[in-house]
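The values are calculated or read from the model by the stated rules, or taken from the named source; none is laboratory data. Please read these numbers as outputs of a predicted model, since none were measured by experiment. Using ideal geometry, Cβ is built from the backbone for each residue, glycine included, and neighbour counts are taken over all protein chains shown.
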Amino acid sequence: MKVLRRSPGGSAGAALVLSVLIFGLLGPLLSPYDPTGIDVAQRFAAPSWLHPFGTDQLGRDLATRLAYATRLALGLASGTVALALLGGVGLGAGTAFAAPRLAQIVLIGFDVLAAFPSLILALAIIAALGRGIDRLVPIIAASLLPHFGRIARAQALGLRSAAFVEAERALGASTGRILVMHILPNMLGPLVVLASLDLPVVVTLEAGLSFLGLGVTPPLASLGTMLSEGFANLIRSPAPLLAAGAVLVAMTLGFSLLGEALRDGLDPRLRSLS
Amino acid sequence: MHLGAVLPHIASTLAVLAAAMLLLFALTLAIPGDPATALLGPRATPAAIAAITAEMGLDRPVPVRLWRFMIVLARGQFGTDIVSGRPIGSMIAEVLPFTLALAGAAIALALALGVPAGIYAAARPGGLADRVLALGSVALVAVPNFVVALALLLLFSLVLHVLPVEGAGAPGDPLDQLRHLVLPTLAVGLGWIGYVARLVRASLIEVLAQPYIRTARAFGIGRARILWVLALRNAAIPSLAAIGVGFGRLLGGAVFAEIIFARPGLGSLIFDAIEARNYPVVQAGVFVAILLFVAANLAVDALFLWLDPRLRMAAA
């Protein structure tokens, strides 16, 4: 809270994130409409009391679809980042304690994985395996993993020779116990802050791939598919495109502003890591 | 420049390319069914599938296919496209200049605006301009580039009508092609302005705190010369590194810009091939994109050695 009071960008970000969270979490519960319920008589309806943002090309309520899409994006982004964080921390911290040869192999793996442009890689994989959320999440998580892995390794290396770890070792603790009980809790704070900075990246990638028709499959509402449907029906009504774009920007901007304020406020040294 | 200094970079580049080949090949094995059936669709006759399978060499054992695949890619020949009957290599060569022009223009835009903005902010850290820039650059970086592209398309097709929003311009008319380049460049490069400005600002502030700058000041060297010449040369190094890494994101941005503005290019070639389930063309396109990315990083590494004598000494 103190961090946010000092940073106008951070407070703006917090406000955006809060509204996105409320919209995405409460919207689907409160809406009387089915997000995939088609009502052809109501195609491209103008905003009204019944449909606050109007309707899309199939007469589906835009506000409802947006709320479901927001919830999906929040879930996908946090799930993907959590997966990348888990894998990256496990492998990265592991290398600090593993045999040097094994650590070397993992590090080369990080380098190779990081050397691929993530969207291009995703295109190649989706072209071969087909689209769908179950492909999207592991692909994006894998592209984020090396970043977390390297930071986790650097931190674990630093902690490995800390006095309290030496003391624990002298008391006869195993490497596994030291890793889980002492190293992990000490490095998690900064990593979680850095992970929050990757949320907008994942939201963008997911929406981008879905926009291309390579991510979330219709009729499921996602910000990307809503953008592409709005793009296709631009001449009839720009409203669906504008609404989906606005929510997407609110989300990425909010998470970025909040994440940066948290990082700078909690630990300025993290700036050099990200 | 010492060959020994560049050698490790070249080795890691080759390792990445080999990994890319392996991955692209492994993916063909993972295609549900096989590439020939995927290309021809569910209603193809067995005879047609057999013919295409033989033509694509899919009836050979896996190690033979892998070996031939790698040889072909290493030679830069990508075989013949089954759909159009044209060499895939010339299909790529045809569209590549459009993508390179777009990427180059976007980087130029980002450097032209981002570097001065970063220097200006670093000269007065904590000032009003610095704080405005800090917020503005986060906003520029955070907005997805395809949203920028869509917004520009919306604005210029519905309201402004000043610039063309579709295609790459008439062949042989450089002015028309330049006009067609403006909006895609803005879409790809806008986020980069903020990115470059932040990098330059951060590394410049760090460099300005070093003793050699204080010495220069004590010698009476002017403020402008210190900032723009003495400090910037050192501050440029981390910014360059980030541009090399960010080049992959730039290629990703180009994919969206090319599709949204209906522009020919590597991105739209890959995308159309995915839509047509034409996997050999996807493979070739993705491989060239990865090649561009690692080449950009290699060029940045070489540039470092040239900019920073300390690295040259360390490597020699």
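Here are some notes:
- Taking segment A:125-170 as the range and being of a type in the set (S, T, Y) and more than 14 Å from chain B (Cβ to nearest Cβ) as the test, only A:S161 passes.
- Scope segment A:160-183; condition over 14 Å from A:F97 (Cα atoms) and in a helix (DSSP H, G or I); matching residues: A:A163, A:F164, A:A167, A:E168, A:A170, A:M181
- The listed residues are A:V180, A:V137, and the only one of them that is farther than 22 Å from A:G230 by Cβ and in contact (Cβ under 8 Å) with a residue 40 or more places away in the chain turns out to be A:V137.
Let's see how each residue does on (1) part of a helix (DSSP H, G or I); (2) on the phi < 0 side of the Ramachandran plot; (3) surrounded by 17 or more Cβ atoms within 10 Å (Cβ to Cβ); (4) in the same structural domain as B:R277 (by TED's automatic domain parsing):
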{"residue": "B:S84", "(1), (2), (3), (4)": "no, yes, no, no"}
{"residue": "B:A117", "(1), (2), (3), (4)": "yes, yes, yes, yes"}
{"residue": "B:P125", "(1), (2), (3), (4)": "no, yes, no, yes"}
{"residue": "B:V138", "(1), (2), (3), (4)": "yes, yes, yes, yes"}
{"residue": "B:L158", "(1), (2), (3), (4)": "yes, yes, no, yes"}
{"residue": "B:V162", "(1), (2), (3), (4)": "no, yes, no, yes"}
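- Residue in segment A:236-250 that is in a loop (DSSP other than H, G, I, E, B), more than 9 Å from chain B (Cβ to nearest Cβ) and crowded, with 18+ Cβ neighbours inside 10 Å present: yes
- Helices (runs of 4 or more DSSP H) enclosed by segment B:199-316 - at least 1 residues per element that are within 23 Å of the chain's Cα centre (by Cα) and either aromatic (F, W, Y) or more than 10 Å from chain A (Cβ to nearest Cβ) (or both): B:232-260, B:266-275, B:279-307
- Taken as a whole, segment B:82-100 holds at least one residue that is under 20 Å from the mean Cα position of the chain (by Cα) and closer than 30 Å to B:A235 by Cα.
- Residue, nearest to the other protein chains (Cβ to nearest Cβ), within segment B:14-30, restricted to residues that are in contact (Cβ under 8 Å) with a residue 12 or more places away in the chain and in contact with an Asp or Glu (Cβ under 9 Å, 6 or more places away or on another chain): B:V16
- Segment B:225-250 residues that are within 19 Å of B:A302 (Cβ to Cβ), paired with ones that are of a type in the set (A, V, I, L, M, F, W, C) and not in a helix (DSSP H, G or I) (beta carbon under 8 Å, 6 or more apart): B:G248/A:F116
- Residues of segment B:123-157 that are over 17 Å from A:E229 (Cα atoms), at the interface with chain A (Cβ under 10 Å from one of its Cβ atoms) and among the β-branched types (V, I, T): B:V138, B:V141, B:V143.
- The requirement of being surrounded by fewer than 14 Cβ atoms within 10 Å (Cβ to Cβ) and in a loop (DSSP other than H, G, I, E, B) is fulfilled nowhere in segment B:87-95; no residue meets it.
- One residue stands out among those in segment B:221-276 that are modelled with pLDDT under 80 and basic (K, R): the one that is surrounded by the most Cβ atoms within 10 Å (Cβ to Cβ), which is B:R249.
- Criterion (within 14 Å of chain B (Cβ to nearest Cβ) and at pLDDT 80 or above) met by exactly one of A:A114, A:A93, A:A122: A:A122
- Meets criteria (out of contact with any Lys or Arg (no Cβ under 9 Å at 6 or more places or on another chain) and crowded, with 18+ Cβ neighbours inside 10 Å) for B:G172: no
- Extreme residue, nearest to B:A26 (Cα to Cα), among residues of segment B:56-90 that are among the β-branched types (V, I, T) and in contact (Cβ under 8 Å) with a residue 24 or more places away in the chain: B:V62
- Per this entry, A:R269 is not counted among residues that are away from chain B (no Cβ under 11 Å), outside any helix (DSSP H, G or I) and modelled with pLDDT under 80.
- Answer residue from segment A:184-221, given it is part of a helix (DSSP H, G or I) and over 23 Å from B:V143 (Cα atoms) and is farthest from the other protein chains (Cβ to nearest Cβ) among those: A:P185
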